[in-house]
Amino acid sequence: MFHFVNDLNGAQVAFEKAIALDPHSSDAAIQLCQVQAKQGQIDRAINTGEKFLAQNPRQASIYIVLGDLYAAKSDWKSAENAYQNAVAISSLNPVASNDLAGAMVHTGGNLDVALSLAQTARRQLPASAAVADTIGWIYYQKGQFQLAVSSLQEALNLSAKSEMPDNANIHYHLGMAYLKTHQPALARQNLEQVLKTSPNFQSAGEIREQLDKLKS
């Protein structure tokens, strides 16, 4: 979600100056939000985004960043609202559509609408592991577990092809889908990979419970 910056303090000062020189620079605002988030200042980053939007209300990219920031806090309702604003401004933005779909899963939104949004994103981003993951997890929530496995396997393959770091979310979703399709060995393999990749994963407790059941 966020870029790595070596000199975070220096970068923050630079982007603050850039915004002071050009209050309409969405690039500078996005970079400043990302640097503040990287420093662990999520609330400050949210405030930066909201202040920018007060002067530049038609910036879908800033709403996407805000949604990401709220998601980092697990404030899914606020994330959903931010992504909805992004889609309202830019209905064809595939990132906004996919992120909104993902947030709707967390808030208990209409899964058919969420699936439609994710599929819209998929048409524009066919090689996106994140979009394939979203679609697979929506199928899981809908109880269509075989479709979930297929899409999540594709997400894992796309992630590997893009040479991105191993994605704990995809492994978690795929592990849970394998459980539902009665493939315990593959479920265990993927759930163990989650804890190996991300020991503090938000669903680590649930994963350990499932792994204990698989061992018994």
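Residue check: is residue 210 in contact (Cβ under 8 Å) with a residue 24 or more places away in the chain and over 17 Å from the mean Cα position of the chain (by Cα)?
For residue 210, the condition - in contact (Cβ under 8 Å) with a residue 24 or more places away in the chain and over 17 Å from the mean Cα position of the chain (by Cα) - is met.
For residue 54, are the conditions met, namely being modelled with pLDDT under 95 and part of a helix (DSSP H, G or I)?
yes
Inside the stretch 113-216, counting only helices (runs of 4 or more DSSP H) that do not spill past its ends, which hold 2 or more residues that are of a type outside the set (S, T, N, Q) and at pLDDT below 95? Can you show your working first?
Numbers: elements: 129-141, 145-161, 168-180, 184-197, 204-215.
The qualifying helices (runs of 4 or more DSSP H) are 145-161, 204-215.
Could you list, ordered by first residue, the pairs with Cβ atoms under 6 Å in which the first is in the stretch 126-145 and of a type in the set (S, T, N, Q) and the second is at pLDDT 95 or above, at least 6 apart or interchain?
Sorted first by the residue in the stretch 126-145, then by its partner, the pairs are 134/98; 134/101; 134/102; 134/118; 141/105; 141/111.
Inspect the stretch 150-167 for any residue being under 16 Å from the mean Cα position of the chain (by Cα), surrounded by 20 or more Cβ atoms within 10 Å (Cβ to Cβ) and of a type in the set (S, T, N, Q) and give the result as yes or no.
Within the stretch 150-167, one or more residues are under 16 Å from the mean Cα position of the chain (by Cα), surrounded by 20 or more Cβ atoms within 10 Å (Cβ to Cβ) and of a type in the set (S, T, N, Q).
How many residues does the stretch 188-206 hold that are surrounded by fewer than 22 Cβ atoms within 10 Å (Cβ to Cβ), closer than 18 Å to residue 140 by Cα and within 23 Å of the chain's Cα centre (by Cα)?
Total satisfying the criteria: 2.
Hey, does the stretch 79-86 have a residue that's in contact with an Asp or Glu (Cβ under 6 Å, 6 or more places away or on another chain), of a type outside the set (Gly, Ala, Ser) and crowded, with 22+ Cβ neighbours inside 10 Å?
yes
The values are calculated or read from the model by the stated rules, or taken from the named source; none is laboratory data. Nothing here was measured: the structure is a model prediction, and the numbers come from that model. Cβ atoms come from the backbone with ideal geometry, glycine included; neighbour counts cover every protein chain shown.
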